[in-house]
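Take a look at the structure below.
The values are calculated or read from the model by the stated rules, or taken from the named source; none is laboratory data. Everything numeric in this text was worked out from a predicted model, so none of it was measured. No Cβ is skipped: glycine too gets one built from the backbone with ideal geometry, and neighbour counts run over all protein chains shown. Heavy atoms of the whole protein, side chains included, go into the accessibility calculation; ligands, DNA and RNA do not. Shrake-Rupley method; radii C 1.70, N 1.55, O 1.52, S 1.80 Å.
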Amino acid sequence: MSTTTQRATGAPTTPRVEGRLDRMGIPRPLALGFVAVLVFMTGNGVESNFITPHMVAVLGSPEATVATIVTFYSLAALIGSYVSGALSDLIGPRRVMILGFAVWVVFEVLFLLALNIGSVPFAAVAYAVRGFGYPLFAFAFLVWVNITTPVERNGSAVGWFYVAFTGGLPTLGSLFAIGAIPVFGGGTIGETGAMVASIGLVVIGFLIMLFGVRLPNGFSRIAPAGESAWQVLTSGIRLTVTRPKILMGFLVRLINTAPEFGMFVVLPAVIANERGWGQSRWLLMTVCVYATNILVNALFGWVGDKIGWQRTVKWFGIVGSALGLIAWWYVPQLVPAGSDWGYVLSVVAGCVFGCLLAGFVPMGAIMPALAPEHKGAAMAMYTTAAGGAAFLGTGVVAAVFALGGGGEAATWTFVGLYACAFVMIHFLKVPQGARTSH
């Protein structure tokens, strides 16, 4: 039976006997951490597919104002995603996860209070600051996974992380919302009840991590001892400025899931109202789309390890996602509104997008491989891009709507971004067979 060592600061420790989970790409001591991320992100994802119309209804604000609020939330998520990697380098990923939990709970409570009193400024600030919470929790764990997993299994490990991440946001989160909204009375009252209940899920996810994941390399600093706190916190930015390939990797990952978050703004009204399928069927559609994504995230991590990370991202992730996105927008427009068979075809089109979106999974292995001597900094930029995708996606939609465009224009804007990613990925080939030293 093979063995592996834990990698915190680069110094080897006592070899650990590998089990089946390790060979699958899930470091056994971190196994409950994947469960924790799944449950935490389920709580975070409860509101993901109704928050825009909910704020419009409760606050009485126009959709453009609410889109701006959501964009500021996404900007906070972008900043929090960078900070998650940089702080993990400085104080260890476990402490960053604790901080992320605290931020999420405190500002979710304040956000719900703001909605209750109908204060637009209070709601905007509370919701934006809450955006720091989930990337601090989830992406700090991704750093923990990266410093623990043997390099030859990084693709698979990142795939399993995204099984947990997208399993919660939006898949199980939307499924929870489907059941919870009618239980709490339906309409905006039921949506409020679902958001209150989501706090319980986040608390459960945190407790699973707190008591179930105690691998020592997550408790302490990862960065070299000689670097100052300022150097550690800015290392990712400096790396991006001095290494064009890191910048291109950042942009490819940024583009990756931007359409996902953009469609969360565009499609709820289209599917539920314009095409006549209702809110519950829109939520069910998102469950199906991202359940498909969950099923293949780990698969594409394994495919990347076998046939090449760059090749997997280029053809499955970029080209496949662009075609799937086009199908997800146009199929609902072409089938009869309100028809059952048309709804099924629309769900299938969305599932194609969800499946091929997983083709980007190997980017989580490519980024640290581009700068093996600065893995923490490279992962900080990767997590920044992962969180920044929400900002880019909602920002594109807000900009397109402000210019008088609609969902179709937003869809083709995202396809154009995928074309840019197709050009950049050409320069990001890494010699996988040579990456066995740390």
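Given the condition of a type in the set (S, T, N, Q), under 27 Å from LEU210 (Cβ atoms) and modelled with pLDDT of 95 or more, answer yes or no: does some residue in region 46-54 qualify?
no
So which of GLY387, GLY393, GLY433 ends up being small (Gly, Ala, Ser), touching a Phe, Trp or Tyr at 6+ places or on another chain (Cβ under 6 Å) and either under 29 Å from VAL151 (Cα atoms) or modelled with pLDDT of 85 or more (or both)? Working first, answer last.
Values: GLY387 fails: touching a Phe, Trp or Tyr at 6+ places or on another chain (Cβ under 6 Å); GLY433 fails: touching a Phe, Trp or Tyr at 6+ places or on another chain (Cβ under 6 Å).
Just one listed residue meets the conditions, GLY393.
In this structure, does THR411 turn out to be closer than 30 Å to THR148 by Cβ, in contact with a Pro (Cβ under 9 Å, 6 or more places away or on another chain) and among the β-branched types (Val, Ile, Thr)? Walk me through how you get there before you give the answer.
On the way: closer than 30 Å to THR148 by Cβ: no; in contact with a Pro (Cβ under 9 Å, 6 or more places away or on another chain): yes; among the β-branched types (Val, Ile, Thr): yes.
Answer is no for this residue.
So in region 211-231, with the set limited to residues that are among the aliphatic types (A, V, I, L, M) and under 18 Å from LEU142 (Cα atoms), which one is surrounded by the fewest Cβ atoms within 10 Å (Cβ to Cβ)?
Here is the first cut: in region 211-231, the ones among the aliphatic types (A, V, I, L, M) are 213, 215, 222-223, 225, 229.
With under 18 Å from LEU142 (Cα atoms) added as a condition, the list becomes 213, 215, 222-223.
Numbers: VAL213: 21, LEU215: 18, ILE222: 25, ALA223: 22.
Per the criteria, the residue is LEU215.
Looking at the structure I just gave you, is GLY395 at positive phi and open to solvent by 10 Å² or more (accessible area, probe 1.4 Å)?
On the way: at positive phi: no; open to solvent by 10 Å² or more (accessible area, probe 1.4 Å): yes.
The answer is no for GLY395.
Yes or no, residue by residue, for (1) farther than 19 Å from GLY80 by Cα; (2) modelled with pLDDT of 95 or more; (3) open to solvent by 40 Å² or more (accessible area, probe 1.4 Å):
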position: ILE98; (1), (2), (3): no, yes, yes
position: VAL106; (1), (2), (3): no, yes, yes
position: LEU112; (1), (2), (3): yes, yes, no
position: PHE122; (1), (2), (3): yes, yes, yes
position: TYR127; (1), (2), (3): no, yes, no
position: THR148; (1), (2), (3): yes, no, no
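For the structure I just gave you, tell me whether GLU260 is of a type outside the set (Gly, Ala, Ser) and within 22 Å of the chain's Cα centre (by Cα).
Values: of a type outside the set (Gly, Ala, Ser): yes; within 22 Å of the chain's Cα centre (by Cα): yes.
For GLU260, the condition - of a type outside the set (Gly, Ala, Ser) and within 22 Å of the chain's Cα centre (by Cα) - is met.
When the test is whether a residue is open to solvent by 60 Å² or more (accessible area, probe 1.4 Å), over 21 Å from the mean Cα position of the chain (by Cα), at pLDDT below 95 and of a type in the set (Gly, Ala, Ser), ALA64 passes it. For the residues ALA337, ALA349, ALA291, the requirement of being open to solvent by 20 Å² or more (accessible area, probe 1.4 Å) and farther than 28 Å from TYR382 by Cα singles out ALA337. Residues in region 233-271 that are farther than 30 Å from ALA369 by Cα and either open to solvent by less than 20 Å² (accessible area, probe 1.4 Å) or not in a helix (DSSP H, G or I) (or both): MET263, PHE264, VAL266, LEU267, PRO268, VAL270, ILE271.
Please go through region 360-381 and give me each residue that is among the small types (Gly, Ala, Ser) and open to solvent by 10 Å² or more (accessible area, probe 1.4 Å), ordered by number. Answer for region 360-381, where residues must be among the small types (Gly, Ala, Ser) and open to solvent by 10 Å² or more (accessible area, probe 1.4 Å): ALA369, GLY376.
The rows are residues; the columns are (1) open to solvent by less than 30 Å² (accessible area, probe 1.4 Å); (2) touching a residue at least 60 places away in the same chain (Cβ under 8 Å).
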residue: GLY80; (1), (2): yes, yes
residue: ILE91; (1), (2): no, yes
residue: ILE117; (1), (2): no, no
residue: ARG130; (1), (2): yes, no
residue: TRP144; (1), (2): yes, yes
residue: ALA177; (1), (2): yes, yes
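Taken over region 16-39, the criterion of being among the β-branched types (Val, Ile, Thr) and either in a helix (DSSP H, G or I) or open to solvent by less than 10 Å² (accessible area, probe 1.4 Å) (or both) is satisfied by VAL35, VAL37, VAL39.
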